[in-house]
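All remarks here apply to the structure that follows.
No value in this document is a laboratory result; all are computed from the given coordinates. A quick note: this is a predicted structure, and the numbers were derived from the prediction, not measured. Here Cβ is always computed from backbone atoms with ideal geometry, including for glycine, and neighbour counts include all displayed protein chains.
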Amino acid sequence: MSRPATPSVSDPQRLDALTSYGILDTPPEAGFDGIVQLACRLCDAPVALVSLVAGDRQWFKARIGFPPCETDLNRSVCAHALAQPDDLLIIPDLTADPRSADNPLVTGDPFIRFYAGAPLRTPAGLVLGSLCVIDKVPRPEGLTEVQQADLRLLAQQVMDLMEMRRAVTARDSLRAADAQAFRTRDALRNTQAAIAAAEGDLDTVLHAVVTGAMQAVPAAQGGVIELLSGQDLEYRAVQGVVADHQGLRVPLNGSTAGFCARTRQPYLMIDASSDPYVKRDLVEMLQLGSAVFAPILSGEAVLGVLKLQSSLPVAFDERDLELAGLFAGAATTGFAEAKARAEVRANDTYWRGLFERLSEGFIVGELIRDAQGRVADWRFGEVNSAWGHLVGIDSTAARGRTIRELFLGIEDEWVSEFARVVETGESSTFTRQVGVLRRWYEGRAFRIDDNRFGVLFLEVTGRIEADARRAALLNLGDNLRDLRTIPEMIAIAAEVVGRTLGATRAGFGRVIGDVEAIEIEPDWRAPGQVSIAGRHVFEDYGDIRAHLQRGEPLVINDVSTDPRTRDHAASLHDIGVAAMVNMPVRERGRTVAVFIAHDVNPRIWTHEELAFLRNVADRVEVGVARVRAEDMQGVLNIELAHRLKNTLAIVQSIASSTLRNVAEREPVEAFERRVLALSRAHDVLMQKSWAAAKMHAVIESVLSMQAEKDRFALDGPDLDISAQATLSLSLLLHELATNALKYGALSADSGKVHIAWRTEEAGAAALVLDWTEVGGPAVTPPSHRGGFGSKLIRMGLLGTRDTSISYDPKGLRAEFRAPLTEFQAQVH
Amino acid sequence: MASRYPAQPSYVLVVQDDPILLMMMVEFVENAGCEAVEATTVAEVIRLLETRTDIRTVFTDLDMRGSTVGMQLAITIRDRWPPVELIMISSQPWEAAKIPARGIVLGKPFDRRKIEAAIRTFAG
């Protein structure tokens, strides 16, 4: 404690060493206090100090009997101890020693007189201060040897304590740094986990970043991410003191965050009150003392700024800035994740939207197997809304249910076909009805994996039914053309209507009076339905006459709700009618008949079905009219035949009377017989309405008036021949047979005639007829040209004159040719 | 009959409302060696049969005015005068079941040979 500070006081090495112990200005500690007590007692002194000599003062870590905790170096005696590091400094009378005589503590209060100090020496030999005892009376004898040794030991104890203290402090601060690092890592990890779990939800990501940053930077009282939005930054994920400011917008130009965003550099705002960039009104509003800002970057672009703030100035340091940067980086990752997720979601939404917007039904099905591993059913996975529309069931209700649950009694093929697709991997195309829905679907099924398949399909009920109706009409047309009776036609038409429309009854009835009653023909019924054939009075079934009287179809979708029939629904239900159509058939402006379709269940008769029924009714009416016309034609034909035959009889009578005086009766009879042959030809022709005849019948008919059947052998195809050919052939054969009877084979009992004919296709198609007589008398050619008969024979078939006659002695042979096109009837 | 009553002519009642056809039918009867008695109405036929017991055969046209008159007459004759033979001509075919017993229907126009043969068989 003397005035001039020894040069060693300011030795920087010594001062650094002192600082390294970190002991200056720390609170009293029991270990040091114990040592000064012990020093007092051992040296029997009133004052003891642990004095540390800093560059500008001496500071007492422990003291007894001396109030101040420090003094300037002018008052320090200990400073002199630095000069003798190896030994005690003992001054028996401070007033007598030049180093301390002037010391204020000596000259003034507390008037110290004796000093003995042991140096506090580091292992490196640097003296930091001393452990000293002081007395207020001089001690000329100083300290005893024992006291000196004790003081040295105690000084060593002080140094040991200081060393230990320094080691502990070093360890603690290391631990603190570790803890901080751990906190940071933990916070970062939590943040990253939260970001990962956020599934790209931006708000969750931002919240996680701010939470983590605040956890990592304990000084932060508030945190926010300010997202770039146009020329502003918008407060998001607000926490702590700024929690009330979600959505706050601050300008990019004219705010500290804006500065950070524009420079893309982290920024430490040490003191808001003096910050050059701060937006002044925010300082109070946000209770802004200091803050750190870190930009959130995506490549070159700035997305926003992470801000951590405190109401205190200088709350943050560079390390906090670094941490903020770390979390801002995490936010960048989160943004990228969010963006990627959003893209995936958008993609997913895109495809899903596409499937939803498809007009085709789309489903994914999963096979369900029984205990034996056979596919027994399948479950709906994905189902788009078009499916619901096409099937008539809410799509969302189908998911998770099986097809057999949804459609009780559905056809097995709806399971087996898709099972096959999954098993073989071969896609299949189908057109099939769901019977319970009465709807048809066309589509394609394809395999997805070992257990699943996809189906894309459209409803084609309209097309299939239209095809069925078209086919039915064609079929009906064919049938009606071939049928010859009205009841057959009605039966066929009723069946066609019933089956094609899937109705439960169909029939046809003749209307009686002014649509008063109806006489229903035997009807077609689905199994289990009763016949309603017979007479019915319209009014027994409701107010249903008016439409039919006007010639309009009577269409009732549900007899129990339709105002025309609901009061008579019971009587209709009794005969199995819940829905009905009566399609009128008109004749000369009156409804004369009705085509009927019934269904045992209510149903909506579609426009197409009604058109079909109309079409059938029309065709039946046309068919009926044709049959009637044909019947009428038949009656007329018969009548005409009678008149013709009667007239021919009269012609015979006139000829006979006219030629009564002719002596020779043979020409008269020949004439009569030619008329007869002509009439036979007409007989055969009449059977086919005079348009055609069967060749065998023609030949047999004309020859039967000449001789027994067994005299003739016929050999040739039974052609349909024209009316002209019939007459020509009849007259020709009549003359040939007449001659054969007179002169040829038929004049002898054993004689016969072979008549053979064929068609020749070579060149112009021709019919060739051979007349060959056998077993008659020897033939000689006629001596003269002969009369009408001979001329007729030479004229041949159809007057072609293509005739060759051979008077073979064994029997006459003749060949006749005619163009086949004229000979044969044109079959319609 | 011819053998029992060789001197007696065989009378055949010819029924025909058309005079030209009547001439032809009478010719057939005469060519067959019989005597023709002519009638042109149903009433006449009935009256003649009621009065003339010597008429054993009726030769009638079924196609008389009024479509079923001819056949009605034939049936009536078979009913009232069962022994009388019936030779009928017609321009239309008749079902065998509708033809009175022992009756024969021949077609039009006439097949002289068949008609004259039939008259000879029944009345000759």
Positive-end extreme of charge dipole, the protein assembly as shown - chosen from B:Ile20, A:Met686, A:Leu94 (charges on Cβ): B:Ile20
Ranked B:Trp81, A:Trp387, B:Trp94, criterion: other C-beta atoms within 10 Å, fewest first: B:Trp94, B:Trp81, A:Trp387
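What value does the stretch A:87-136 have for Rg/Rh, both radii from Cα atoms and Rh as Kirkwood defines it?
Details: Rg = 12.1 Å, Rh = 11.5 Å.
Rounded to two decimals, Rg/Rh equals 1.06.
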The stretch B:11-123: proportion of alpha-carbon pairs further apart than 20 angstrom, %: 31
For the protein assembly as shown, share of DSSP beta bridges that run antiparallel, in % to the nearest 5: 85
Cα→Cβ-extended label distance, 7 Å offset, between B:Glu50 and A:Gln633, nm: 4.9
Dipole axis of the stretch A:1-71 (+1 Lys, Arg; -1 Asp, Glu on Cβ), positive-most option in A:Ile23, A:Ala62, A:Leu49: A:Leu49
The stretch B:11-123 - percent relative contact order, Cα under 8 Å, separation 6 or more: 27
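What percent does the relative contact order of the stretch A:246-369 come to when contacts are Cα pairs within less than 8 Å and at least six residues apart? Walk me through the numbers before you get to the answer.
Working: 161 pairs, mean separation 24.4, N = 124.
Answer for the stretch A:246-369 is 20 percent.
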Computed log₁₀ I(q)/I(0) - Debye formula, equal Cα scatterers, no solvent, chain A, q 0.05, 0.08, 0.11 Å⁻¹: -0.68, -0.99, -1.15
Distance-filtered residues of the stretch A:140-174 - backbone nitrogen under 20 Å, label point 7 angstrom along A:Glu322 Cα→Cβ: A:170-174
Computed lengthening from A:Val530 to A:Ala176, 0.36 nm per intervening residue step minus Cα-Cα distance: 117.5 nm
Inter-probe distance in nm under a simple model that places probes 7 Å from Cα toward Cβ, at A:Val283 and A:Arg550: 9.1
Value at 222 nm in deg cm²/dmol, rounded to 500, when DSSP H runs of n ≥ 4 in chain A each add -39,500 (n - 2.57): -13500 deg cm²/dmol
Chain lengthening between A:Ser8 and A:Arg758 when straightened (0.36 nm per residue, less Cα-Cα): 254.3 nm
Summed side-chain charge close to B:Met23 - residues other than B:Met23 whose Cβ falls under 11 Å, Lys, Arg +1, Asp, Glu -1: -3
Electrostatic dipole magnitude of chain A [Cβ: Lys, Arg +1; Asp, Glu -1; Cα centre; debye, to 20]: 2900
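Would you order A:Tyr807, A:Tyr235, A:Tyr21 from fewest to most other beta-carbon atoms within 10 Å of each residue's own beta-carbon? Working shown, then result.
Details: A:Tyr807 12, A:Tyr235 23, A:Tyr21 18.
Lowest to highest Cβ neighbour count: A:Tyr807, A:Tyr21, A:Tyr235.
At 0.36 nm per residue, minus the direct Cα-Cα distance, what do A:Arg166 and A:Asp514 gain on full extension? Give it in nm, one decimal, please.
Answer, rounded to one decimal: 112.5 nm.
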For A:Ala593, distant residues with modelled amide H under 5 Å away: A:Val511, A:Val585
Taking A:Trp757, A:Trp351 and counting other C-beta atoms within 10 Å, the order from fewest to most: A:Trp351, A:Trp757
Nearest 10 degrees, 0 to 90: helix A:30-43 Cα axis against chain A principal axis: 10
Helix A:486-501 vs. chain A, principal-axis angle (Cα, 0 to 90°, nearest 10): 10
Acute angle (nearest 10 degrees) that the helix A:12-21 long axis makes with the longest principal axis of chain A, alpha-carbon atoms: 60
Highest average packing first - A:38-48, A:245-255, A:340-350, Cβ atoms within 10 Å: A:38-48, A:245-255, A:340-350
Inter-label distance for A:Asp720 and A:Asp244, nm, one decimal - labels placed 7 Å from Cα along Cα-to-Cβ: 10.8
